[in-house]
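Below is one structure; the comments refer to it alone.
The values are calculated or read from the model by the stated rules, or taken from the named source; none is laboratory data. Computed from a predicted model, the values in this text were never measured in an experiment. Every residue, glycine as well, gets a Cβ built from its backbone with ideal geometry; the counts of neighbours run over all protein chains shown. For accessibility, only protein heavy atoms count, side chains too; no ligands or nucleic acids. Shrake-Rupley method; radii C 1.70, N 1.55, O 1.52, S 1.80 Å.
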Amino acid sequence: MEKHLHIVCLDVPYPVDYGGVFDLFQKIKSLHAAGVKIHLHCFEYGRGQQPVLNEYCVEVHYYTRHEGHKGFSHKLPYIVCSRSNGQLLETLLEDEHPILLEGIHCTYLLNDDRFRQRRIVLRLHNVEYQYYRQLYHTEKSLWKKIYYLHESNMLRHYEQRIALRVKILAVSEKDSEQYRTEFGADNIETLPVFLPFEEVRTREGTGCFCLYHGNLSVPENEQAVIWLLKNVFASLELPLIISGKNPSARLTRLIFQYPLTCLIPDPSEAELQDLIAKAQLNVLPSFNCTGVKLKLLNALFNGRHCLVNGGMVEGSGLESICHVADGAETMRSLVQNLYTQAMRPEEIKVRKEVLAGIYNKEDNLQQLLRSIWSMDGSPVSQRQA
């Protein structure tokens with residue numbers, strides 16, 4: 001019997017050019033390969049319609065997101081209310097196929113009694129209220145700080161309400177545990193992200209520079225670069241490459257003040273992968289410690305040594321294959337030590353074993369299929385809160 005599935009995405013999941021869409025697109029590919037007939041629904045607000053998605057889905061629907069003041073409500077978080085769409089709800093009600101909601105952003109329908117008995121699974125990308133609270137702490141603009149704080153408060157109450165209404169698949173055990181302890185969620189499990197990497201391609205030996213990569217237009221990533229420059233690399237005579245999308249003029253000016261630091265803005269995918277492979281050390285601190293950072297997984301699958309802070313790997317299962325430093329002095333010391341240490345075959349072997357144990361595509365696909373199509377055929381969502 002054919003399996004049909006509605007997937008509701010917060011954004012158009014192609015091209016795969018930022019961390020948030022890796023899991024979305026790779027999950028679609030895996031489900032398609034397993035024979036699932038995918039009915040894709042995505043909110044389009046700048047990425048455009050993508051014909052490649054038709055290769056994996058029996059149909060693709062695009063909806064306009066209500067941006068600006070039209071997306072605000074005194075009852076719902078902006079990321080949810082701005083993705084409310086009556087046509088989407090009516091389309092979903094035309095059949096009884098199960099629904100996979102990609103992110104808290106797409107959960108507006110959970111407030112509609114017509115979906116009370118529908119089989120629905122929520123893919124939790126972050127503990128969203130915590131993510132927005134950390135954006136509040138890193139943002140410089142007063143108006144944006146006010147928005148992030150308000151959104152965080154709205155999301156905390158909203159996540160509390162829906163935590164008991166739906167089957168949840170979190171991307172990390174840390175997020176699962178927080179939902180259990182803080183919100184009382186008892187129908188939640190951890191499903192690792194789906195990745196495009198087929199195997200660990202880490203090279204033996206040594207590289208010739210340190211690397212930080214990420215979307216440089218994101219405030220938390222800009223903050224991480226500034227912190228590295230001022231607190232770690234300012235006193236080190238080692239080459240550092242900063243690479244990523246859309247660096248601000250402010251960040252560009254700062255980088256140029258450091259003679260051993262080079263900025264490579266807006267690299268192609270091939271250029272970025274070449275940098276990761278050739279670097280001696282991927283230095284990736286994070287000051288927004290929610291969800292799973294795809295840039296770290298990219299570095300672990302394709303690069304040599306990975307140096308992070310504790311928040312980057314807490315609850316990820318990756319602690320044993322990263323070098324962890326909390327504080328500038330400890331990170332400086334580890335950068336110096338690791339810069340001359342060759343990547344050894346035994347280290348690569350351990351990395352392969354750890355990553356294969358967590359990111360096994362077939363095992364994770366089977367877990368996803370079981371979560372959506374429960375053995376007894378009863379709905380796996382929408383219990384009374």
**Complete:** Nearest 10, in degrees from 0 to 90: the angle of helix 328-338 to the longest Cα principal axis of the chain is 70
**Prompt:** Between Y63 and residues 5 or more places away or on another chain, which pairs have amide H atoms under 5 Å apart, with H built 1.01 Å from N, and which residues are they?
**Reply:** C42, F43, E44
**Per DSSP, loop chymotrypsin sites (Phe, Trp or Tyr not before Pro) in the stretch 242-307 with at most 16 further Cβ within 10 Å** = F256, F287
**Message:** Output needed: percent of Cα pairs per 5 Å distance bin for the stretch 254-377, bins running from 0 to the one holding the longest distance.
**Reply:** 2, 9, 16, 19, 21, 14, 8, 5, 3, 2, 1, 0, 0
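May I ask you to derive the relative contact order of the stretch 186-255, considering only C-alpha pairs under 8 Å and at least 6 residues apart, and to give it as an integer percent?
Details: 47 pairs, mean separation 27.0, N = 70.
Contact order relative to length: 39 percent.
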**Percent accessible area from carbon and sulfur atoms, the chain, protein chains only, probe 1.4 Å** = 51
**Cut-off under 5 Å, modelled amide H: who pairs with R201 long-range** = N302
**Request:** Between T206 and W143, with labels modelled 7 Å along Cα→Cβ, what's the label distance in nm to one decimal, could you check?
**Result:** 5.1
**Fill in**
Note: probe point = Cα of C262 + 7 Å toward Cβ; backbone nitrogen < 16 Å; residues of the stretch 181-215 passing the test are 207-213
**Item:** Most to least packed among 57-66, 168-177 [average Cβ atoms within 10 Å]
**Value:** 168-177, 57-66
**Asked** In nm, to one decimal, how far is the modelled label at D95 from the one at Q50, with both set 7 Å along Cα→Cβ?
**Response** 2.2
**Complete:** Averaging 1/r across every pair of distinct alpha carbons in the stretch 1-154 and inverting yields a Kirkwood hydrodynamic radius, in angstrom, of 16.5
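Return the FRET efficiency for the residue pair E346, K70: r is the Cβ-Cβ distance, R0 is 41 Å, and the value is rounded to the nearest 0.05.
On the way: r = 57 Å, r/R0 = 1.39.
For E346 and K70, the calculated efficiency is 0.10.
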**Request:** Calculate for the chain the 222 nm mean residue ellipticity that helices alone would give, adding -39,500 (n - 2.57) per DSSP H run of length 4 or more and normalising by residue count, nearest 500 deg cm²/dmol.
**Result:** -11500 deg cm²/dmol
**Message:** On C-alpha positions alone, give me the angle between the axis of helix 19-33 and the longest principal axis of the chain, in degrees, nearest 10.
**Reply:** 50
**Request:** From zero up to wherever the largest Cα-Cα distance of the chain sits, split into 20 Å bins and tell me the percent of pairs in each.
**Result:** 27, 57, 16, 0
**Prompt:** Amide H to amide H under 5 Å from H4: which residues, 5+ apart in sequence or cross-chain, H placed 1.01 Å off N in plane?
**Reply:** K37
**Prompt:** Which part of the stretch 280-309 falls in the paramagnetic zone of E199, meaning amide N under 20 Å from the point 7 Å along Cα-to-beta-carbon?
**Reply:** 297-305
